[in-house]
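Notes to accompany the following structure.
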Amino acid sequence: MKNKSMAVSGMFYPNDKKEIVKLINEYELNIKNDTNYISRLVIAPHAGYKYSGFGAYFALKHLGGKNIFIFAPAHKVYVEGIAISSYDCFETPFGKVQVNNEITQEIAAKFNANYCDEAFETEHAIEVQLPFLKYLNKDFNIIPILVGNCDPKAIYEIISYYYENSNNSFVISSDLTHFLTDEKAKKIDNITAQMIECNKTENFHREQACNASAICGAVEFSKSKNFSFIRLDMRNSSLVTNDKNNVVGYGSWMLYQGEKNQFIKKYYSDFVKEICLNSIKTKGNMPKTNYPAVLNEIGASFVTLEKNGNLRGCIGSIVAYRELIDDLISNAYMSAYKDPRFQPLRESEISEIELKISLLSEPVEIDFTDEEDLLEKIEQNKDGIIISDLGKRAVYLPSVWEQLPDKRIFLYSLKQKAGLSPEHFSNTFKAYRFYTEYI
C-alpha cells in the first residue's frame, strides 16, 4: 500500500481534526438559504482554510458520487498535459482516502496521462479538498489529476466520458486572480464568474484562474449539456488580511443539470417574491442581506402587478445586464411607481396586489427568410418574442399567448406595440425568441 502523506497540514489547514470540525461548524452557521441539491461537478478554491475554506466546504457539501475526480493545477512541478499518481491512498486528519487506481490506469491508457508522483508530493490543491470530503462522505474514492500545460478539450473529454456513470463526480480545484489590487481583482473575477455562469469561455485567459484549462473544459461540458453553474460564494483574501493591494480571489460553483432560472424557480420562488414585495414596500431601498449568491449572477426579469385580476403595473428587462437581485429590486419598484400607464401604487393597495415574476433566458435571434417563415418558426404558447426594426423595438412575454393565441395576430399586435404598422416587414426586420420561468 503506497500512501501519500500530508504535506500542508498545519499550514493550509489544522492538523487536528477537532479544529477542522470547529471550522466546519462555523461555516455551517454562515450558510444562508441553502438548497438540498446534490451536484456532480463543483468548482472549489484551494487556498488556506482561513481564506477560502468556507467557499470550498460550501461547494463540496453539495457534491455526491462514489468516485470523485479532482482536477487541480500543478503548482510545484511542470506538467505537460495531465499527470496521475501511483499512490493507493492519501492521508488526511480524518483517515485515509482511497484512490481508485482502476480508473487511474484507464485514464493513462485512454487519455494519454503520465504518472508523475513527484508532482503530487508537496502539491496542496488536491490535499486541501480531502479533509472536507472525508468529513462529508466516508464512502468514496478519489481520482487525483494534476493539470499542467493542457488543452481544455482534454478535460472536457475526460468529464464527458466518465459523467455517463452516475457514480462519478468531479471537483475543479482553482483559485481566481492572484496578487492584484482589490479593485482590479473584483473586476476580473466578476468577468470570470460571468463567463462560467453563461457557459462562454472563448476569451478566457489563463491569468483569470490558476486552473483555467480545467475550468474551461468543465464549462464546455456544461454548455454541451445545457447545464448551468450556480454561484455559491465569491470573495478574496482582503476579507482576512485587510490588505487591498495584493489579493487572491476565490469562487465556488456547483453544476446544475438544467437552466439557472429553473433552479431559482425551484428553490427560491418564495425568496424572489419576498425581494420584490420588500422593494415595493421600501420604494426600492430595501437592504440586500442574507440572499443566495446565485442572485448575484446577471439576469433579466419582468415584474408584473395585478389588482383584482387587472394589470396594475409591469416593468422589466429584455436583456440581462446587471445582477438579478438588482434587476428584481429595480423592476419591482418601477412597476409599482413608475409605469407611465398607471398612477403610482398607493400604500393602501400593497396588500391587494398579486405579484407575478418572469425570469428571462438569453434572447436568441430567429433566422427567417420572410414573414411567413418567421410565423412558421415561432413556437406558440412557448416563445417570448422581441422584434426590432427602424430603430423601434417591442417585446411580448410568453404569457401574452393567453390573450393572443393566434400567431399572426400575436405578431401584428407586437408590431403595433413597437410603433410599426401591422403589415410592416423589411429586410432589416429582426426577431428574437426567449423563454421564461414564471413565478
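The values are calculated or read from the model by the stated rules, or taken from the named source; none is laboratory data. These numbers were taken from a predicted model, which means no experiment stands behind them. So basically every Cβ, Gly included, is an ideal-geometry build from the backbone, and we count neighbours across all protein chains shown.
Miscellaneous remarks
- Evaluating residue 315 against the criteria (1) surrounded by 19 or more Cβ atoms within 10 Å (Cβ to Cβ); (2) under 25 Å from the mean Cα position of the chain (by Cα) leaves one unmet condition, (2).
- The combined condition, being closer than 24 Å to residue 306 by Cβ and modelled with pLDDT of 95 or more, is fulfilled by residue 409.
- Among the candidates 374, 404, 359, residue that is in contact with a strand residue (DSSP E or B) (Cβ under 9 Å, 6 or more places away or on another chain) and under 19 Å from residue 259 (Cβ atoms): 359
- Residue check for residue 96: within 23 Å of residue 21 (Cα to Cα), at pLDDT 95 or above and assigned to a helix (DSSP H, G or I): no
- Sole residue being touching a residue at least 12 places away in the same chain (Cβ under 8 Å), crowded, with 20+ Cβ neighbours inside 10 Å, more than 24 Å from residue 322 (Cβ to Cβ) and assigned by TED's automatic domain parsing to the domain that holds residue 70, chosen from 209, 218, 193: 218
- Residue, surrounded by the most Cβ atoms within 10 Å (Cβ to Cβ), within segment 360-369, restricted to residues that are out of contact with any helix residue (DSSP H, G or I) (no Cβ under 7 Å at 6 or more places or on another chain) and touching a residue at least 40 places away in the same chain (Cβ under 8 Å): 360
- Count of residues meeting criterion [outside any strand (DSSP E or B) and farther than 19 Å from residue 161 by Cβ] in segment 64-76: 3
- Residues of segment 11-50 satisfying the condition of being aromatic (Phe, Trp, Tyr) and in contact with an Asp or Glu (Cβ under 9 Å, 6 or more places away or on another chain): 12, 13
- With respect to (1) touching a Phe, Trp or Tyr at 6+ places or on another chain (Cβ under 9 Å); (2) among the basic types (Lys, Arg); (3) within 21 Å of residue 193 (Cα to Cα), the lone exception for residue 312 is condition (3).
- Put simply, of 159, 126 the only residue that is at pLDDT 95 or above, in contact with a Leu (Cβ under 8 Å, 6 or more places away or on another chain) and under 26 Å from residue 23 (Cα atoms) is 126.
- Between 172, 155, 103, the distinction of being in a helix (DSSP H, G or I), under 24 Å from the mean Cα position of the chain (by Cα) and surrounded by 15 or more Cβ atoms within 10 Å (Cβ to Cβ) belongs to 155 only.
- Residue, nearest to the chain's Cα centre (by Cα), within segment 223-238, restricted to residues that are touching a residue at least 40 places away in the same chain (Cβ under 8 Å) and surrounded by fewer than 23 Cβ atoms within 10 Å (Cβ to Cβ): 231
- Under the condition of being in a strand (DSSP E or B) and among the hydroxyl-bearing types (Ser, Thr, Tyr), the residues counted in segment 394-439 number 4.
- Positions within segment 273-332 being acidic (Asp, Glu) and either in the same structural domain as residue 195 (by TED's automatic domain parsing) or under 19 Å from residue 261 (Cβ atoms) (or both), in sequence order: 274, 297, 323, 326, 327
- Qualifying residue in segment 253-270 (condition: among the small types (Gly, Ala, Ser) and buried (at least 24 other Cβ atoms within 10 Å of the Cβ)): no
- Residues within segment 36-63 that are of a type outside the set (A, V, I, L, M, F, W, C), modelled with pLDDT of 95 or more and part of a loop (DSSP other than H, G, I, E, B), tallied: 6
- Counting only residues that are touching a strand residue (DSSP E or B) at 6+ places or on another chain (Cβ under 7 Å), of a type in the set (S, T, N, Q) and under 21 Å from residue 256 (Cα atoms), segment 166-191 holds 5 of them.
- Per the listing 22, 61, 32, 66, the residue uniquely buried (at least 20 other Cβ atoms within 10 Å of the Cβ) and not small (Gly, Ala, Ser) is 61.
- Within segment 77-93, the residues that satisfy the criterion of being surrounded by 16 or more Cβ atoms within 10 Å (Cβ to Cβ) and not in a strand (DSSP E or B) are 77, 79, 81, 85, 87, 93.
- Tally of residues being among the polar types (S, T, N, Q) and touching a Leu at 6+ places or on another chain (Cβ under 6 Å) across segment 348-371: 1
- Restricting attention to segment 334-359 and to residues that are in a strand (DSSP E or B) and surrounded by 13 or more Cβ atoms within 10 Å (Cβ to Cβ), the residue that is farthest from the chain's Cα centre (by Cα) turns out to be 353.
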